[in-house]
Structures are given as structure tokens and as C-alpha cells.
Amino acid sequence: MTGRNARRVRRGFWTALLTLLGLVAVACAKNAPQDTLAPVGPVAEQADNLFRPVFWIATVIFVLVEGMLVYAVWRFRRRSDADAPKQIHGNTRLEIFWTILPAVLLAGIGVPTVVTIFDVAERPVGNVVNVKVTGHQWWWEYEYMDVKLPDGSGNLKTANELVIPTGRWVNLDVTSADVIHSFWVPKLAGKQDAIPGTTNFIKMQAPAPGVYEGQCAEYCALSHANMLLRVIAHPPAEFDAWVNRQVRPAVRPSQGVVDRFVNTCFACHTLRGIESGGGATIGPDLTHFASRGRFAGSVLELTAENLAAWLDNPDALKPLADHPRGPTMPDYGLTREEIDAMVAYLMSLE
Amino acid sequence: MTTASVAPRTTIFARPTTKTGVWGWLTTVDHKRIGILYGITAMVFFVLGGLEALLIRLQLARPNGEVLSADVYNQLFTMHGLTMIFLVVMPLGAAFFNYMMPIMLGARDVAFPRLNAFSYWTFLGGGIFMYSSFFINQAPDGGWFGYAPLSTQLPGHGMTYYALGLIILGISSTVAAVNFLTTIVNMRAPGMSLMRMPVFVWMTFVVQFLLVFALPVLTVALFQLFFDRALGTQFFNTAQGPANPVLWQHLFWLFGHPEVYILILPAMGIVSEILPVFSKKPLFGYPVVVFSGIAIGFMGWGVWAHHMFAVGLGPVANTAFALSTMFIAVPTGVKIFNWIGTLWGGSIRFKTPMLFSLGFIAMFIIGGLSGVTHAIVPHDYQQTDTYYIVAHFHYVLFGGAIFGLFAGIYYWWPKITGKLLDEKVGKVHFWLMILGFNLTFAPFHILGLQGMARRTYRYPENYGFDFWNLVSTVGAFIIALSLLTFFYNVAKTRKRGETAGADPWDGRTLEWTIPSPPPEYNFAEVPVVHALDDFWHRKYVEDKEGRLVRVPAGGQNGESGAEHGDGHGEGIHMPSQSYMPLIASIGLPVVGWGLTFEQWWLAIVGAIITFTGLYAWALEPATEEEH
């Protein structure tokens, strides 16, 4: 009976151990666009380089301590009622040893950690891209602080998809327009909270062109799960071309669409170059809406069908109704024709 | 026995004397009955919090889940956290503080028996108040951490329920903490010096200090949150003006981190009791285990900002809190080594309480190690707000606290009920639970490192999250099955269970010297304590090589077996029952409802009920006439 129990105990611990080893084996899964264990940018790599040795040290300690536990449980299982084990009340030397050993080990981990904390907080200077990131319920606003608009109305603003050049440091100053969010693109850098009334700093660099997925990481109510984002890295020349396209005003639509925009959309959205279509930042800037691959907090692929469904009933695709200051993107009860005209126009805003 | 008040008194209120039936329970001031009430209530909330968890896991089983709406999901994950922390783990700890701590000290009750009843009824009222929010479909939905400014702005009544509900629960815990502190300081039996107290009592002692100092910090923050919501103040609400939302986080975590130790230390105490009993050896390094518990209690105050590494406190603050977080692992590690030292060289019996204790150690090691990795701040920028953190604290609070508390339940069940739980069923419970637990929470490590954010009601496909989420959901249902096994065990042994006797485990501490279940007065004769593990030393002595020798009955070290319950307990004055704690408590949730719905008259009615209860409490007669 006792022997069988010991075996069971042992088996249980081995199961736990194998579970953890399985964890290691599958940690670098394919198709995990937010995998922190497969970093791309230097900041994310720095974090990963700290984590890996600690992870292996922890694994060794895990195996040793659990091994000791399992061994003790098996070795010292009860043999008979007459067992009269030696009554050991403690051992000061041993106890000092196992107090000091972990302390030393932790100090060893502490030193590179502290160095990296300061390293990551340092702000690059020189040929950098400065972007102010503002979290909104539930989308991201980017203001390119170095890109002045030709009409003098301020800096270039885009939403949800952050376009950056490869090989250059991007300095992000992160803040919020409403509640606390957290800006996070795992493959490029760790997250920092976006807090109203204050700014936090993140630096990131993409060594290669590509699309890097990210999302809001701080709970921000109803559609927190639908507050995604992407960073798109272009080679420098392409990035410059993108900037040149973005600073142009919006394509001019037919007068019917203009009227509809003026009456409903301009309360929240901006269309640069269209009359009275500037300034509002409650919703994303739509001037070059169709240059983005996704919309609605990067949740939906930008297709005519998705856009029509969105305009018809936004709440069905992304819950919005619980917003503290009234629903964002309400259902305006647009007719089929109005939606079609609107979709056609929006899809032309490249 | 309590003598009923016979002589007519000048006061209006007579003390109730019914000891049976509903009224007996409603008016009880017996620490054991109150402990049982705490335990049963916590179990009911455990089932509710578990059902919430199952719904959450169903929603997350597949990508883009459609079982729950975003709104309902947000309410459920908030209530799951609040329930498990404030309505399950804390009161389960309180159940053992109540029931066991006075007996282990050799006392007949706690220092303030009526206050003890008040703590329980206030806890129950707070729990009912919190859960009443479900009836209007407006349960708290801002997370258990209630981050401002969101919590100040969320529409509906949810976060008002949160603020007021936690204030009520905080009153309960603060009052209980004062009571237990006084009990431990003043009510110890003759000879029970501090360093002869069982480790469970020591950990209880540390926890009460943490509660007394941590809860006021939370209470201040909750009042400010309530004022922001109800009166339009600007403590945290940035929508109204230049408020400071980060202040909420400091206050919350200055409470919240000691709270973590409030949750885990009782389980550590329980395990420190059980390991020696089932190893037939004393606890290895008793003073070190005690002092490391105290050290954790102190250091627990200096680590709160490790919940806030991504808030932007700057590299200096992050460095300080990274280092303090690393070094709090030292006293925790010491405990683990001392537990293994206790097992070493012992004669280990695999009874169910022992299995749960070993499960506790095995799982807590994992949670402790992942905890250290959070202190690597640059990588915590990746980990924080992901499932990696969810994995960590479930290993600590479920693998740790819940396993430890179940060890306590199996260990003390025979003392409380007089019946042993079934060993076979208990073992099935343990193995199902540890299997289900690891299937549920081990995958969270992977999911978190793969970038799955917390508190999201759905996740897209093609992110690599599908498989492990499904595994986790399967695991959650295995945990549910294990709990059904436990309830089956309770039902099965209630009538047909094996009679326990006073000392079924060959125990070491005073509770095993009295009958099971104990009489109301606990000890017919107050024990005199001569040593740590006093009862053990009455049963055994050590020979020259330190080996155990059983003392024959009636030997020089005194008689073995139960003795203190043998008397009839006649003439022992026990505290009289009272209606007043219940009445004083009933007013509090009424005040809460009044404030939530801004029905000021209702709040005033509630306040009047509470003050009436307190006033009458002060004036009601003691039944012991001759003084």
C-alpha cells in the first residue's frame, strides 16, 4: 500500500516535470506572431537574453528541489509502525547555507538585470523617428512629431498601424486620452502603460521589413480584447515615400458623401483637406484610411464587405456600447445606398 | 455550561440561550461554530467562483469564442478574482484561525467572542452584497485591481458595488484581525510561550498584523474611488481634471502585495503542522520557519511596485523593487528547504492531508521560481498583463493556498466533525485535483510567453493560442470533477464515516488532546504547556541517539491520549450568546445598497440598524451574575 502510494507520488511529480519540459519544447511554436521567445528587435532581444539564462537556472533549481522532495518522499516512506526516526530539530549550519546560497544566486541575476533596466530606459538621439502614441478606447493614435503637414495644421497623424523605417531607432512617447492602456509589440519591445496626463517612453527598432503584431495590454473595459495594433517596418526609402503620400490631403468625394460626412462623421473623425474636416480626434484620422490593411482597432481586414458590415452595425463586430462617454462609432441607421457610397469613397482613400 | 440569566435585569435586552437550531447558529459566539460558518460559506463561494472560472474557460476554449459577451466576460473575470481572494481563500484561512488557533493555544475562546460573530456576519453580508450585483446584471467589471481612472468611469453600479463591498469585507477582516491578535497575545495557556506556539498560530499572528496595517490603505483608496464615482471628486478620475490615477495603483498594491502573503501564510502554517505529524519528526528548524514567516511579513511591504514595472516609475524605482522582489524569495526558499528537511529521515505516511501538503510544496516551488523571473524588469515588460502572470499566481494561490487549505480540511476534519473523511476518495480527490490543476495552469506559462494578453474575452485564431487554451479548459473541468469528489466524500462520511477519536493522526499539538468534536469549553481543565509540540512529548521521549520511544500510559511524562476533555466541564462560564453582532452586521450591506442606488434614506436606515446593534451590544447584560 505504502509502496504503491510512493510510486504514485513519484509518478505525479514526473508528470509535472514532463509538463514543464513540454513547455520548453513547444515554447517556440510556429504561427505565434506575438511570441516573446522569438524576438526581432534589439530591445526585445535584450529582454530575452536576460530571461533565457534565468529560465535555465530556474529549471535546474526546479529539477534539484523537486528531485530532493521526491527522493525524500520515496526514500523515507513509512516501512512499519515500529519506525522510530531520529528526531532532528534542525541544523544551523545547513540552514545558514540554504539561506545564503539563494541570496548569492539572486544577486548574480540582479546585476545584469539592473544594468539592462537603465539601458532600456536610455533615450536614443540622432537619426531617430519620434512618435507620440495616444491610447483611446479602443484604438491607437500616432502622431509623427518630425513630420509637419504642408497645410500647417500640425503633425502627421495616423491610427492603429504604426509605420516605421527599418534600422532606425523609433522613440515612442506613450500617453492616453481616456483610461490606462498599455502599448505592446512583443517582437520589438516590452510594453509600457499609456496613462492619461503623463507620458512613458518606449524605444524600438526593426532590423528587417515586416509586420509586427501587437495589442493593448492593460484592461480598458468592454473592447480591450479588440484593441490590437500593428507595426509595419519599411526600408527607409519606402518609408519616406509613405510619408510623402500620407501628408497629402484626402481625395475629394462627391457632394452627397461630403454632406453625410460633415453631418455625422466629422464630429469624431478627421479628413484633411475636406471642408471643416480637421481636428476631431475622438475617432481615427481617416485621411488615408485605405492605406491601412485593417481597421476598427486592427481587428478587421479592410475589405469592402467588412467595411459595409461595420457601417451597418459596428457593435456587432466590436462591442462598443459600454463606453463611459456614450458609444463610440454608433449605428447611424445608414441606408444601403449611403453605405455603398461611403464604402466606395473610404476604399479610395489611399 | 452557560447558566441562563434568571434574575430580571434593568436592561431591555436578554441574552439568548438557545444552542440548537437556526437561532443557536444565528446567535452563537462560539469560535468553533463561527469557524464552521466561515468554512461552509467560503465553500459556497468557492463553488460560485469555480462556476465563473468554468464559464471563462468555456469562452476561451476556442478562438473567437461566443459563449459569453464581452460585457459578461468582464464581469465574470472580475468576480472570479474578487470571489477567490476575498470570499474563498481569506475566509477559509479565517475558518481555521477561528476554529483551531484558540484550541492550539489552549484557550476556551477568542478574546472577544461577540466581535468574532460580528466579523463573520459582516463577511457574509459583504459577500451577499457583492453578489447581489448579479441580480441587476451589473457585477463589478473593472478587474479585482479596479484600476483608475477606468474604475471611476465605468457605467452602471458595478464598481460602486466593488468599492462598498470591499469596504464591508475589510471591516470584517480588520475586526477579526484585532480579535485574533489580542487572543494570541493574551489567551495563551500557562507555559505557552511565543516560541512554543505551533507554526500555524505563528503564521496566523503574522497574517493578522498584515491585515491590520494593509486594509486601512485599501479602505482609503476605496473611499476615494467611491467619492469619485458618487460625488464627482477628482482623486483618480482624470476625466474631471488633473487627478492622479497612478496613486490608486500605489494604494491598491501597497495593500495588494501584503494581501498575497495574507493568502499564502496560513497555508504555509497548515503545511508546517502536517509535515511533522505524518513524518513522525519535529519540524526542521522551527525558529527559522517562524522567523522566515515574520521576514516575509516585513519584506512584503517593500515589493508592491513590482506590480507596476510598466507604469513608468523610472529605472531607479524599478531597480529597487526588482531587488526587493528577488530577495523576498530567500525566506520563501528557506521554508521550502526546511520542509524538505522535515521529511528527510522521517517515517512518511501518505494520508490525504500529507498528499495535499506535498502537492502544496511541489506546486509552490514552481510558482516561486516563476515569481523570481518577474523581477527581471526588462523581461517583465514582456510578461506583465499576460497569461504568464496568470500562471504564476495560480501556482501560488491555487497550487499553494488552496492545496494547503485542503490539506488543513482533511487534517482537521476529524477534529471538527468527529468523523474521518474517506482516505480512498480523498486520494482520488488529490490526484484529480493536481492533474487538473497542472493541465489548467501549466499551459498559461506558454500562452503568456507566446504573447497572450490577460483580461481579453476573445483571441484571434492564427496566434498559436488555440491548442493550449483547449488543454486548459479540459483541465478546468477535471478540477471541477475533483471538487465533486470532495463533496461526495463529505456526503459519504457524514453518516457512515469512521469515528475519529481524539487523536486520529498521532498529533503533536493541543487540539488532539481534547475530544472530537470538542466540547463548547474546549478544555475541561486548562492545559499547562511544557514544550513545543507539548502533546507529542507526553506521548514520546527521545533516547540518547535521538530516536523515539513511546511513553507507556501513565508513565513519567504523564498519560498519553486525550485527557483534557475527560471532565464534565461543569461550572465553566462560557461567553453568552448574543443577537447584537448579527443585527450590527445586517445594517452594513443595507448602507451599501442605499449608497449604491443613492437612496439616502435606505443608507440611513442601515446605519440606524448598525448603531442600534452596537449600542445594545454595549449595554446588554453579561450572564455571569456573580462578580
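The values are calculated or read from the model by the stated rules, or taken from the named source; none is laboratory data. Fair warning: this is a prediction, and the values are worked out from it, not measured in the lab. A quick note on method: Cβ atoms are made from the backbone with ideal geometry, for glycine too, and the neighbour counts reach across all protein chains shown.
Details
- For segment A:193-211, the set of residues classified as surrounded by fewer than 24 Cβ atoms within 10 Å (Cβ to Cβ) and either in contact with a Cys (Cβ under 7 Å, 6 or more places away or on another chain) or facing chain B (nearest Cβ under 9 Å) (or both) consists of A:P196, A:G197, A:T198, A:T199, A:N200, A:F201, listed by residue number.
- Only one of the numbered conditions (1) closer than 30 Å to B:I348 by Cα; (2) at pLDDT 95 or above is violated by A:R123, and that is (1).
- Residues being surrounded by 23 or more Cβ atoms within 10 Å (Cβ to Cβ) and more than 8 Å from chain A (Cβ to nearest Cβ) - total across segment B:137-147: 3
- Verdict on B:W505 being aromatic (F, W, Y), within 27 Å of B:I348 (Cβ to Cβ) and within 8 Å of chain A (Cβ to nearest Cβ): no
- From the list B:A442, B:A407, B:A502, B:A491, the one residue that fits, being touching a residue at least 24 places away in the same chain (Cβ under 8 Å) and more than 26 Å from B:S279 (Cα to Cα), is B:A442.
- Among the residues of segment B:576-596, those identified as in a loop (DSSP other than H, G, I, E, B) and either within 26 Å of the chain's Cα centre (by Cα) or under 16 Å from B:S119 (Cα atoms) (or both) are B:Q577, B:S578, B:Y579.
- Those residues of segment B:328-387 which are small (G, A, S) and under 28 Å from B:I446 (Cα atoms), in sequence order: B:A329, B:G333, B:S357, B:G359, B:A362, B:G367, B:G368, B:S370, B:G371, B:A375
- Of the residues making up segment A:40-54, those that are more than 7 Å from chain B (Cβ to nearest Cβ), of a type in the set (A, V, I, L, M, F, W, C) and more than 15 Å from B:Q450 (Cβ to Cβ) number 1.
- Any chance B:G359 is buried (at least 24 other Cβ atoms within 10 Å of the Cβ) and more than 7 Å from chain A (Cβ to nearest Cβ): yes
- For the criterion of being closer than 25 Å to A:T36 by Cα and over 18 Å from the mean Cα position of the chain (by Cα), A:P209 passes.
- Residue in segment A:109-140 that is surrounded by the fewest Cβ atoms within 10 Å (Cβ to Cβ), counting only those that are assigned to a strand (DSSP E or B) and polar (S, T, N, Q): A:N130
- Qualifying positions in segment B:285-297 - within 12 Å of chain A (Cβ to nearest Cβ) and in a helix (DSSP H, G or I): B:Y286, B:P287, B:V288, B:V289, B:V290, B:F291, B:S292, B:A295
- Applying the criterion of at least 1 residues that are farther than 20 Å from A:E161 by Cα, at pLDDT 90 or above and touching a helix residue (DSSP H, G or I) at 6+ places or on another chain (Cβ under 6 Å) to the helices (runs of 4 or more DSSP H) found wholly in segment A:295-350 leaves A:304-312, A:336-347.
- Residue match in segment B:50-69 (condition: within 30 Å of B:P266 (Cβ to Cβ), among the charged types (D, E, K, R), modelled with pLDDT of 95 or more and touching a Leu at 6+ places or on another chain (Cβ under 8 Å)): yes
- Residue in segment B:588-607 that is at pLDDT 95 or above, under 26 Å from B:F97 (Cβ atoms) and of a type in the set (A, V, I, L, M, F, W, C) present: yes
- Within segment B:237-284, the set of residues being more than 14 Å from every other protein chain (Cβ to nearest Cβ) and farther than 30 Å from B:M308 by Cα comprises B:I270, B:E273.
- Within segment A:66-108, the set of residues being in a helix (DSSP H, G or I), in contact (Cβ under 8 Å) with a residue 24 or more places away in the chain and facing another protein chain (nearest Cβ under 7 Å) comprises A:E66, A:L69, A:V73.
- Residues located in segment B:44-74, provided they are touching a residue at least 40 places away in the same chain (Cβ under 8 Å) and within 23 Å of B:L263 (Cα to Cα): B:F45, B:F46, B:V47, B:L48, B:G50, B:A53, B:L54
Matching residues to (1) out of contact with any helix residue (DSSP H, G or I) (no Cβ under 6 Å at 6 or more places or on another chain); (2) buried (at least 20 other Cβ atoms within 10 Å of the Cβ); (3) more than 10 Å from chain A (Cβ to nearest Cβ); (4) in a loop (DSSP other than H, G, I, E, B):
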| site | (1), (2), (3), (4) |
| --- | --- |
| B:E461 | yes, no, no, yes |
| B:G464 | yes, yes, no, yes |
| B:T473 | no, yes, yes, no |
| B:F477 | yes, no, yes, no |
| B:N489 | no, yes, yes, no |
| B:R494 | yes, no, yes, no |
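- Counting only residues that are assigned to a helix (DSSP H, G or I) and either facing another protein chain (nearest Cβ under 7 Å) or surrounded by 19 or more Cβ atoms within 10 Å (Cβ to Cβ) (or both), segment B:308-352 holds 28 of them.
- Which numbered condition B:G300 misses (of (1) within 12 Å of chain A (Cβ to nearest Cβ); (2) surrounded by fewer than 24 Cβ atoms within 10 Å (Cβ to Cβ); (3) out of contact with any strand residue (DSSP E or B) (no Cβ under 7 Å at 6 or more places or on another chain)): (1)
- Close pairs from segment A:293-322: first within 11 Å of chain B (Cβ to nearest Cβ), partner among the aromatic types (F, W, Y), Cβ under 6 Å, at least 6 apart: none
- Segment A:166-182, residues that are out of contact with any Lys or Arg (no Cβ under 6 Å at 6 or more places or on another chain) and either within 14 Å of chain B (Cβ to nearest Cβ) or surrounded by 22 or more Cβ atoms within 10 Å (Cβ to Cβ) (or both): A:V170, A:L172, A:V174, A:T175, A:S176, A:A177, A:D178, A:V179, A:I180, A:H181
- With respect to the conditions (1) touching a residue at least 12 places away in the same chain (Cβ under 8 Å); (2) surrounded by fewer than 24 Cβ atoms within 10 Å (Cβ to Cβ); (3) outside any loop (DSSP other than H, G, I, E, B); (4) of a type outside the set (F, W, Y), B:A95 lacks only one, and its number is (2).
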